[in-house]
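The values are calculated or read from the model by the stated rules, or taken from the named source; none is laboratory data. This one's a predicted model, so the numbers in the text were calculated from it and none came from an experiment. Using ideal geometry, Cβ is built from the backbone for each residue, glycine included, and neighbour counts are taken over all protein chains shown. Side chains included, ligands, DNA and RNA excluded: accessible areas come from the protein's heavy atoms. Shrake-Rupley method; radii C 1.70, N 1.55, O 1.52, S 1.80 Å.
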Amino acid sequence: TWINPDKKVNLNLLYNSNKDGFKAATFHSLCDGKGATITFIESTLGYRFGGYTTVSWDQSGQYKSDAYSFIFSLSHKRKFKVTCT
């Protein structure tokens, strides 16, 4: 419901560091240009968090703007809007 409360959202796993490894090149080969993505992270301390963006990953090195992006904490069940100044 955090992504779109009015629609059912289908998710496809693009990358799993446990299966695909931790190399940036592998991440980008599997995730670049795929459209909207949600990223899930678990820290070594067990915190679960992540982020969502409608902007595709790429390797341009340019900052992108996305009015729909947010970061979240699953551990604390909170969503935070991303703002740029």
Look through the range 22-60, keep the residues that are acidic (Asp, Glu) and over 17 Å from HIS76 (Cβ atoms), and return whichever of them is least open to solvent (accessible area, probe 1.4 Å). ASP32
Any residue in the range 53-71 that is touching a residue at least 40 places away in the same chain (Cβ under 8 Å) sitting within a Cβ distance under 8 Å of a residue that is loosely packed, with under 12 Cβ neighbours inside 10 Å and in a loop (DSSP other than H, G, I, E, B)? List the pairs, counting only those 6 or more apart or interchain. PHE70/TRP2
Quick check on LYS34: is it within 24 Å of THR83 (Cα to Cα) and under 12 Å from the mean Cα position of the chain (by Cα)? yes
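Scanning the range 10-21 for residues that are part of a loop (DSSP other than H, G, I, E, B) and modelled with pLDDT of 95 or more, which turns out least open to solvent (accessible area, probe 1.4 Å)?
Narrowing the range 10-21 to residues part of a loop (DSSP other than H, G, I, E, B): 10-16, 21.
Among the residues that remain, those that are also modelled with pLDDT of 95 or more are: 13-16, 21.
Numbers: LEU13: 138, LEU14: 59, TYR15: 54, ASN16: 53, GLY21: 25 Å².
Selected residue: GLY21.
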Quick test of your reading of the structure: TRP2 fulfils all but one of (1) touching a residue at least 60 places away in the same chain (Cβ under 8 Å); (2) assigned to a helix (DSSP H, G or I). Name the failing condition by number. (2)
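Take PHE72 and decide whether it is open to solvent by 60 Å² or more (accessible area, probe 1.4 Å), part of a strand (DSSP E or B) and either at positive phi or not charged (D, E, K, R) (or both). Steps first, answer last, please.
Numbers: open to solvent by 60 Å² or more (accessible area, probe 1.4 Å): no; part of a strand (DSSP E or B): yes; either at positive phi or not charged (D, E, K, R) (or both): yes.
It is false that PHE72 is open to solvent by 60 Å² or more (accessible area, probe 1.4 Å), part of a strand (DSSP E or B) and either at positive phi or not charged (D, E, K, R) (or both).
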